[in-house]
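The structure under discussion appears below in the form of structure tokens.
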Amino acid sequence: MSNNSSLDAAAFHIYDTTLRDGAQQEGLNLSVQDKLNIARHLDSLGVGYIEGGWPGANPKDTEFFAKAHTDLKLKYATLAAFGSTRRPNVKAQDDPQVRALLDSKAQVITLVAKSFDRHVELALKTTLDENIAMIKDTVAFLTSEGRRVFLDAEHFFDGYRSNKNFALEVVNAATQAGAELVALCDTNGGMLPNELGEVVHEVLTATKARIGIHCHDDTNCAVANTLSAVDAGATHVQGTANGYGERSGNANLFSVVANLQLKKGKIVVPSDAIKEMTRIAHAVSEITNINPNQHQPYVGFSAFAHKAGLHASAVKIDPMLYQHIDPVLVGNDMRTLVSDMAGRASIELKGKEMGYNLEGNKEVLTSVVEKVKEMESRGYTFEAADASFELLLRNELGETDPKYFTVDSWKVTVEQSEKGEVVTEAIVKVTAGGKHLEQTSQGNGPVNALDKALRAALEKIYP
């Protein structure tokens with residue numbers, strides 16, 4: 001599965017649910033082609049499983065699995081189909097939704113089952129015994145059809161508080177019927193790391209099941225909760241790209257993978273693939289049409305950006321003084337920000353990023369620092385204006401560009417005719433190539449008219 005001999009995908013699962021659970025985020029809408037493209041990116045990261053959706057629940061997911069079977073060539077990942085256990089008082093083989101899971105041709109099927117007694121009684125409107133039978137029957141039927149089965153124990157932690165014995169019975173019923181593992185779901189996202197880890201440990205002690213974890217981020221603890229579960233013995237983790245998901249989102253799979261691999265030493269994806277993480281995170285953002293969180297850990301544009309002068313001074317000596325990892329490990333870059341907080345070290349580092357060696361040039365560094373501070377005090381900002389900063393720097397270095405042309409004068413008139421038509425006309429006088437030129441042009445508004453006139457004049461000298 002990978003050239004990395006220390007990667008054991010069977011021993012530890014990275015399971016992505018962006019295409020199903022992540023797609024439930026408000027404002028996130030994916031076409032079938034979008035889902036196929038995201039799956040390819042996630043596969044290039046080296047995740048072990050990609051949950052494609054719920055076949056039979058909607059036409060889009062049914063079409064996705066049909067196309068994935070022929071169009072999706074995965075190197076690392078196995079495609080999983082998501083669905084529920086059979087309905088109450090219906091045989092698994094007679095339930096159309098269960099049949100749709102088989103029709104998807106997915107070799108791994110993840111079943112969601114109730115593990116909270118109140119949900120069984122109030123939402124499913126059935127008995128606890130029937131819920132256990134639904135789990136056993138559906139798992140047994142699907143495994144008899146040659147499918148691998150994972151079980152998502154929905155609302156497990158709330159259910160464990162409410163009725164510990166029933167929650168554990170759900171875990172045992174699934175594994176005894178043939179499920180490979182049970183993922184404990186913090187569906188409401190209300191758990192904290194210490195208590196979640198304790199529950200995972202208790203479940204592992206009380207059952208013989210392989211345990212996974214599925215966390216939501218309603219307390220902003222989804223990643224921490226996932227890591228706590230792993231510390232307690234979970235060997236299957238679920239999450240979504242960029243933390244997409246319902247309400248406050250799911251555990252951010254990029255942060256989970258990076259923390260497991262770079263902090264805990266667990267090789268959960270190929271070492272060469274993790275270097276693609278930043279690119280993949282941004283590619284998924286592009287496909288989903290959701291602006292990237294530039295402050296996102298590991299992969300955000302600002303994740304390794306240094307603004308304070310004190311920080312820059314230290315980073316100049318050793319970048320690791322103010323960075324927890326080398327950003328190259330996840331395909332990101334260190335950046336120096338120019339602002340009124342900048343000192344000479346910041347300017348020197350920023351110049352180096354742009355290809356200018358300013359080391360030891362105290363006069364230029366001091367002058368640039370003073371000009372940046374003075375200009376920012378008047379309302380200018382250089383933090384997101386690298387080109388403006390480079391022009392200032394080049395001017396201080398005496399590397400001014402030749403003047404290709406000079407605008408001698410310009411005039412714009414906007415007139416309205418008797419018919420109500422608006423006519424915008426610009427007149428531009430320039431000197432270029434030793435010649436004085438004048439050009440008149442009409443356009444859609446003053447800016448467009450000026451643009452046309454200037455271009456038309458300069459094209460005579462610079463065709």
Within the stretch 88-110, can one find any residue that is crowded, with 22+ Cβ neighbours inside 10 Å, in contact with a strand residue (DSSP E or B) (Cβ under 9 Å, 6 or more places away or on another chain), hydroxyl-bearing (S, T, Y) and within 18 Å of L151 (Cβ to Cβ)? yes
Take the residues of the stretch 274-291 that are farther than 15 Å from I38 by Cα and surrounded by fewer than 22 Cβ atoms within 10 Å (Cβ to Cβ): which is modelled with the highest pLDDT? K275
Would you say T226 is among the hydroxyl-bearing types (S, T, Y), at pLDDT 95 or above and under 26 Å from A92 (Cβ atoms)? no
May I ask you to verify whether T143 is surrounded by fewer than 18 Cβ atoms within 10 Å (Cβ to Cβ) and part of a helix (DSSP H, G or I)? yes
Do any strands (runs of 3 or more DSSP E) lying entirely in the stretch 179-268 carry at least 3 residues that are touching a residue at least 12 places away in the same chain (Cβ under 8 Å) and touching a helix residue (DSSP H, G or I) at 6+ places or on another chain (Cβ under 6 Å), and which ones are they? 181-186, 211-215
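Those residues that are in a strand (DSSP E or B), of a type in the set (D, E) and more than 48 Å from the chain's Cα centre (by Cα), I need them from the stretch 384-432; list them, please.
D408, E415
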If you take the residues in the stretch 157-198 that are acidic (D, E) and under 18 Å from H236 (Cβ atoms), which one is surrounded by the most Cβ atoms within 10 Å (Cβ to Cβ)? D186
Got a sec? Which of T78, T85 is hydroxyl-bearing (S, T, Y), at pLDDT 95 or above and buried (at least 19 other Cβ atoms within 10 Å of the Cβ)? T85
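State the number of residues belonging to the stretch 439-456 that are surrounded by fewer than 18 Cβ atoms within 10 Å (Cβ to Cβ), assigned to a strand (DSSP E or B) and of a type in the set (G, A, S). Break it down stepwise before answering.
Keep residues of the stretch 439-456 that are surrounded by fewer than 18 Cβ atoms within 10 Å (Cβ to Cβ), which gives 440, 442-448, 451, 455-456.
Applying the additional criterion that residues be assigned to a strand (DSSP E or B) yields 440, 442-443.
Right, trim to of a type in the set (G, A, S) and you get 443.
Residues in the stretch 439-456 being surrounded by fewer than 18 Cβ atoms within 10 Å (Cβ to Cβ), assigned to a strand (DSSP E or B) and of a type in the set (G, A, S): 1 in total.
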Are there strands (runs of 3 or more DSSP E) fully within the stretch 1-119 with at least 1 residues that are of a type in the set (F, W, Y)? List them. 13-16, 49-53, 78-84
Considering each residue of the stretch 120-132, count those that are surrounded by fewer than 18 Cβ atoms within 10 Å (Cβ to Cβ) and under 21 Å from L181 (Cβ atoms), and give that number. 0
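The values are calculated or read from the model by the stated rules, or taken from the named source; none is laboratory data. From a predicted model like this one, the values you see are computed outputs, not experimental measurements. Heads up, the Cβs are rebuilt from the backbone with ideal geometry, glycines too, and the neighbour counts pull from every protein chain shown.
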